[in-house]
Each structure stands twice: as C-alpha cells, then as structure tokens.
Amino acid sequence: MSEKIHYFDHAATTPTHPEVVAAMLPYFTEHFGNPSSLYGLADESREAVDRARGQVAAALGASPAEIFFTAGGTESDNWALKGVALANREKGDHIITTAIEHHAILHTCEFLERQGFSVTYLPVDRYGMVDPAAVEAAITDRTVLVSVMTANNEVGTIQPIAAIGAVAHEHGVLFHTDAVQAVGNVPIDVDAMQIDLLSLSGHKFYGPKGTGALYIRDGVAIETLVHGGGQEKGRRAGTENLPGIVGLGAAIERACGDIPGHAARVAALRDRLLDGILERVPEVTLNGHPTERLPGNINISFAGIDGEALLTLLGMQGVCASTGSACSSGEEAPSHVLTAMGVPPALARASLRLSLGDLTTGADIDFLLDALPDAVARLRRLSRGHA
Ligand SMILES: *Cc1c(COP(=O)(O)O)cnc(C)c1O
C-alpha cells in the first residue's frame, strides 16, 4: 500500500484551487449578507454576484444578463432540456440528442419521453463523433431542441459544435451543449459556436462542488424549473449560494485565462503517458478520437482483463482513476458511450479512463508507467485465455 495519491480522475472532479478558496472565504463570514436585502451589508454580496456573473460571461463570450447560476452541471442540463421542452410545447415536442451524453442529459430525456415528448438519440462513429449531417437529417418540423455535448466525459471526443449549431439554426431549432468537460480545456465562444444554451459546472475546473451555470441566449424561451423567490430575474429561485458563486467566478476566470498553456502542459503529460503505455503493454486500444480529444483524457482498453479489477489493483497503490463515468461504476452494463461507439462488450469492460489535469506531475506519469504494465500482466495471467 502506498500513502501517496496519484490522481488520474480530473474528469470526475478537481480540487478547489487555493486561490478560489481564498476568494470564497470572506463570503462565508464578513460578507454574508443576502444579495436580495436592501441594506449596505447586502451591497457587497450583490456586487460579488455581479462580478462572478461577469467572469462567467467573459469566459464564454456571452453577456452577463445571459448567465444564470445553478447548483451544478446536472441542474443546468435538467433546466435546459425540461425548460425548453415546456416553453416550446406549441411549436413541437421533439428533441435531438446523442447516445453518448452524460446521464444528466439522457435520464432527463427519458423523463421527457415519459411525459409525451419524443427524443432521437443520434449514433456516433467509432471515435465517438457526431455527424452534423445526421443532426440535420433528424430535424423535423416538430423539433424544438438539439442537445450535443461539447466534449465527452468518458472518451474525451470533442464534437464539431459550430457545425452542429449552424445546422440547428438553419432549421430554426435551438441548440444546447453540455460543456461541463470542455470549459477550461477548449476555448468557448457562444456566438462563433452558435450555442443558445450551455451548461457548465464549477467542480470540473477547480471551483467548488455544487456550483454551476446555464447560459441562456437573450430571447430564448425557457420555462423556470425552481420556483420561489425572485432571484436570478425570477428564473431560478432560492437564496444565492454566495460563496459558491464567488468561487465559480474566480475558478472560471483562472481556468480560462490561459487555455492554450494549460492544454499544452496537460497534453504533453498525456502523450508521454499514452506513448509509454502503448510501448510497454501489448494488446491495448485507445478509445475516442485520436486528435479531436480533450488534452487530459486517455481511455484505453486492455484486452482480456476486467477494468474494475484493474482499478482495484491500481487503487491499492494510490492510483485514482475510473472505468468510465464515476456515476456508472458498479453498474453491470458496460459503458453506454463505448457501446455506442461499437466497442465490443468485453473490450468496453476492459477499459480504463485516466484523466489528467493540474494535479498531474511527471512523477505521477512515471509511477503509473511503472505500475500499470505489472497490474495488467497480473490480471491477464489470472484470466483464462491469456495464461
Ligand atoms: C460532471 C458532468 C456533469 C454533471 O455535473 P455536476 O456538476 O457534477 O452535476 C454533466 N455533464 C458532464 C459531461 C459531466 O462531466
């Protein structure tokens, strides 16, 4: 057993950056006023919320009035889908999404289907890529929304978002993207990418958990999900999570301040790790797109082994990784993402997701390159057919 942690699960969550924590702290104590109150103490809280709204807007190329704070990526996804579906009932009842979305999208779509909406789940190619032409072919005169994630959380594939947005708009259909994995890793510009609604989550880019936002383009019709007081212009009720909002703003400004620099550092470590694995371990396949992928993502299948067993072996040595999405671990079925990409069930169950980020050091790469070949070899010796 090793005491030291080697963290390869940045796609599941990241630690809140110390500068972000420092920015948040005064808003638990001195500046605790309710932003909706009318006395002086509340002014500082209101200004802090406005500042954070500006920081989020700047990171997306949006205007502050188009940013609405939520309790995370899951809530933003729920709001975008349910809100647009409910507000556009007279126009239509059809939503287009993909087979590889996060469960926050897929389970919301299944709920909407139970309410009488119809949903098309577009297939992807073997790299996990959505074809804009397939989006266009699926659009009917009943379609009100297209929702395609910017980058996939399991395999890292980055979608042709601008092309998909253009197709949706040519047909007068709204376009939502779950950009939870992309923010901080891929530059976002909601105008250039023709995005009408965008979900993001603080804890995926070194901000606090339970914080997020939904970008809603000015003029987009959307129903309110959380009813109550008049916060967020009456569209998302509940006393603002003041420290969380301050943290979200500080985190997104930090994460989007130097995306090329961050991406280059992480991708260099990722490439060294991937090249090392391919060199040292036989019968390995990379899942996801070879180039159009998140800088910190490696998803690989090791023929003949069980991914969960590999995770357990690595976990005993302090390695934190995942077999896909954290939310699906423990489930019997292989990853819906790998399955949609046509990866055979045995190889899908033999997959490991390593997601790199700020915590990753060269020493972590060296450690894993040392530990992984032995772990894979041990499991292969144990499993029949690879004796
Ligand atoms: C993590 C994640 C979510 C959920 O965000 P939370 O803030 O954890 O609710 C949604 N979509 C994607 C792609 C994610 O990676």
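The values are calculated or read from the model by the stated rules, or taken from the named source; none is laboratory data. Source: prediction; values computed, not measured. Heads up, the Cβs are rebuilt from the backbone with ideal geometry, glycines too, and the neighbour counts pull from every protein chain shown.
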Subject >> Residues of the range 136-181 satisfying the condition of being more than 16 Å from the ligand (Cβ to nearest atom) and part of a loop (DSSP other than H, G, I, E, B) >> reply: Ile139, Thr140, Asp141, Arg142, Pro160, His171, Gly172, Val173
Subject >> Residue list for the range 225-241, restricted to those being surrounded by fewer than 16 Cβ atoms within 10 Å (Cβ to Cβ) and part of a loop (DSSP other than H, G, I, E, B) >> reply: His227, Gly228, Gly229, Gly230, Ala237, Gly238, Thr239
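Checking the conditions here, which among Gly210, Gly244 is surrounded by 18 or more Cβ atoms within 10 Å (Cβ to Cβ), touching a residue at least 40 places away in the same chain (Cβ under 8 Å), within 24 Å of Ala48 (Cβ to Cβ) and within 14 Å of the ligand (Cβ to nearest atom)? Walk me through how you get there before you give the answer.
Numbers: Gly210 fails: surrounded by 18 or more Cβ atoms within 10 Å (Cβ to Cβ).
Selected residue: Gly244, the only one of Gly210, Gly244 that is surrounded by 18 or more Cβ atoms within 10 Å (Cβ to Cβ), touching a residue at least 40 places away in the same chain (Cβ under 8 Å), within 24 Å of Ala48 (Cβ to Cβ) and within 14 Å of the ligand (Cβ to nearest atom).
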Original post:
Only one of Glu232, Glu253 is under 20 Å from the mean Cα position of the chain (by Cα), charged (D, E, K, R) and modelled with pLDDT of 95 or more; which?
Top reply: Glu253
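What number of residues within the range 54-75 satisfy the criterion of being among the β-branched types (Val, Ile, Thr) and either within 11 Å of Leu198 (Cα to Cα) or away from the ligand (no atom under 16 Å from the Cβ) (or both)? So that I can check it myself, show each step before the final result.
Kept after step one, since they are among the β-branched types (Val, Ile, Thr), are these residues of the range 54-75: 56, 67, 70, 74.
Filter again for either within 11 Å of Leu198 (Cα to Cα) or away from the ligand (no atom under 16 Å from the Cβ) (or both), leaving 67.
Looking only at that region, the number is 1.
Which residues, counting only those in the range 313-330, are at pLDDT 95 or above and among the β-branched types (Val, Ile, Thr)?
First pass over the range 313-330, keeping only residues at pLDDT 95 or above: 313-322.
Of everything in the range 313-330, just one residue is at pLDDT 95 or above and among the β-branched types (Val, Ile, Thr), namely Val319.
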**OP:** Identify the single condition in (1) more than 16 Å from Val146 (Cα to Cα); (2) more than 16 Å from the ligand (Cβ to nearest atom) that Asn185 does not satisfy, given that it satisfies every other one.
**Re:** (2)
Original post:
Which number in (1) over 19 Å from Ala133 (Cβ atoms); (2) touching an Asp or Glu at 6+ places or on another chain (Cβ under 7 Å) marks the one condition that Ala237 misses?
Top reply: (2)
Original post:
Quick one: Glu3 ticks every box in (1) surrounded by fewer than 22 Cβ atoms within 10 Å (Cβ to Cβ); (2) of a type in the set (Asp, Glu); (3) at pLDDT 95 or above bar one, so which box is it?
Top reply: (3)
